[in-house]
Amino acid sequence: MKKLNPSIKHHSLIGAFISVWIFLFAFFIRPFEHGTMDLQVWIKVSLGFSLVAFLCYGLTSFLQKFVYQKVSEWSIRLEIMSLLFFYILYTISTYIYYKSSIIKGIYDFFEFFTEIILIASLILTPILILVRIYSIKLIPETSDAITIKGDNKLDILKIKQSELICISNSQNYVEIFFLENGQLKSKLIRSSLKKLETNFDFLIQVHRSHLINPAHFKSWKDSTTISLTQLEIPVSKNYKSRLLAL
């Protein structure tokens with residue numbers, strides 16, 4: 001995995017799924033049987049193991065979100081470390097519960113790990129990985145689509161913000177320059193630069209007749225002209241300072 005869904009809400013659902021799976025596994029498979037464990041004890045075992053799983057995965061979710069926010073990326077190594085942290089925390093917590101007066105387990109730690117945890121983790125891990133991969137699809141998609149509307153009803157242009165290069169004044173119209181499949185295109189709509197500058201605050205005015213998308217600024221051609229993506233436009237002295245700050 002090279003991405004992570006940091007949502008605590010989504011990982012709480014994964015934790016709930018793990019909890020239910022462990023309850024069913026412990027109750028019906030009964031990976032250990034001491035011979036004296038009746039139905040009531042097995043209900044305690046199953047509930048206890050499933051609750052501990054939910055809490056351990058919840059703690060893992062908070063930790064991985066903290067790490068993800070710090071490094072701003074995710075990797076297979078971090079994914080493996082996250083799963084290992086969950087299993088280590090779960091193993092220690094369930095062993096304490098298993099040896100408590102509630103269960104009175106007779107296995108030592110090595111037997112507990114090999115006979116219970118190892119078997120359960122070999123079955124659970126592929127399922128857990130698939131569920132975590134699926135959770136990435138639940139991340140809300142961020143779209144940079146914008147809609148530019150003119151005074152006439154048919155004056156509508158829907159493009160991505162990243163595709164908009166600049167907007168130039170053209171008498172009672174404005175000419176919008178944008179990319180479409182990598183090719184420079186333009187469209188005239190009846191509107192004003194002032195109105196579009198107000199509607200789209202990411203635009204920068206560089207001339208009384210030009211607004212630019214700073215993402216497409218390339219370089220200065222000379223002291224009065226700049227190069228944008230597939231375009232060159234003039235710059236007024238009054239607006240030069242805004243560009244120099246980029």
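Here, each number is a calculation from the coordinates, and none is a lab measurement. Just so we're clear, the structure is a prediction, and the values are computed from it rather than from any experiment. Note that we place each Cβ from the backbone using ideal geometry, even for glycine, and neighbour counts take in every protein chain shown.
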Taking segment 89-145, which GluC sites (Glu not before Pro) meet the DSSP loop condition and have no more than 14 other C-beta atoms within 10 Å?
GLU141
Restricting attention to the alpha-carbon atoms of segment 145-244, what are Rg (one decimal) and Dmax (integer), both in Å?
12.9, 40
For segment 145-244, with +1 on Lys and Arg beta carbons and -1 on Asp and Glu, the positive-most of VAL235, SER209, THR198 along the dipole
THR198
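Compute the orientation-averaged projected area for segment 8-103 from the convex hull of its Cα atoms and round it to one decimal in nm².
The directionally averaged projection comes out at 6.6 nm².
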So, with +1 on the Cβ of K and R and -1 on the Cβ of D and E, and no other charges, what is the size of the charge dipole of segment 121-218 about its Cα centre, to the nearest 20 debye?
80
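Per-residue ellipticity at 222 nm for the chain, helices alone: DSSP H runs ≥ 4 residues times -39500 (n - 2.57), over residue total, nearest 500 deg cm²/dmol?
Dividing the helical sum by the residues of the chain leaves -14500 deg cm²/dmol.
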So if I place +1 on the C-beta of Lys and Arg and -1 on the C-beta of Asp and Glu, and nothing else carries charge, what would the dipole magnitude of the chain be about its Cα centre? I want it in debye, nearest 20.
920
Say the dipole of the chain comes from +1 at the beta carbon of Lys and Arg and -1 at that of Asp and Glu; which of TRP42, ILE102, ILE8 then lies farthest toward its positive end?
ILE8
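THR60: net charge of surrounding residues, Cβ under 13 Å, Lys/Arg +1, Asp/Glu -1, itself excluded?
+1
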Could you tell me the largest-minus-smallest coordinate of the C-alpha atoms of segment 126-194 on each of the three principal axes, in descending order and whole angstroms?
64, 25, 20
Name the longest site-free stretch of the chain, where the excluded sites are trypsin sites (Lys or Arg not before Pro) in a DSSP loop with no more than 11 other beta-carbon atoms within 10 Å.
3-136
Cα-Cα longer than 22 Å, checked against LYS9/LYS99; LYS9/LYS70; LYS137/LYS158; LYS70/LYS160; LYS195/LYS221, kept in input order, equals LYS9/LYS99; LYS137/LYS158; LYS70/LYS160; LYS195/LYS221
Name the residue from THR114, SER61, SER72 whose Cα lies farthest towards the positive end of the charge dipole of segment 8-136, charges +1 on Cβ of Lys and Arg and -1 on Cβ of Asp and Glu.
SER72
List the lysines whose alpha-carbon lies under 22 Å from that of LYS104, not counting same-chain residues fewer than 8 positions away?
LYS44
To the nearest 10 degrees, the tilt of helix 76-98 (Cα long axis) against the first principal axis of the alpha carbons of the chain is 30
If one takes the longest principal axis of the Cα atoms in the chain, at what angle in degrees, from 0 to 90 and to the nearest 10, does the Cα axis of helix 39-71 lie?
30
With T = 10 °C, eta = 1.306 mPa s and Kirkwood Rh from C-alpha pairs, the Stokes-Einstein D of the chain in µm²/s is about 69
Note the angle between two axes, namely the Cα long axis of helix 118-136 and the longest principal axis of the Cα atoms of the chain, as a number of degrees from 0 to 90, rounded to the nearest 10.
20
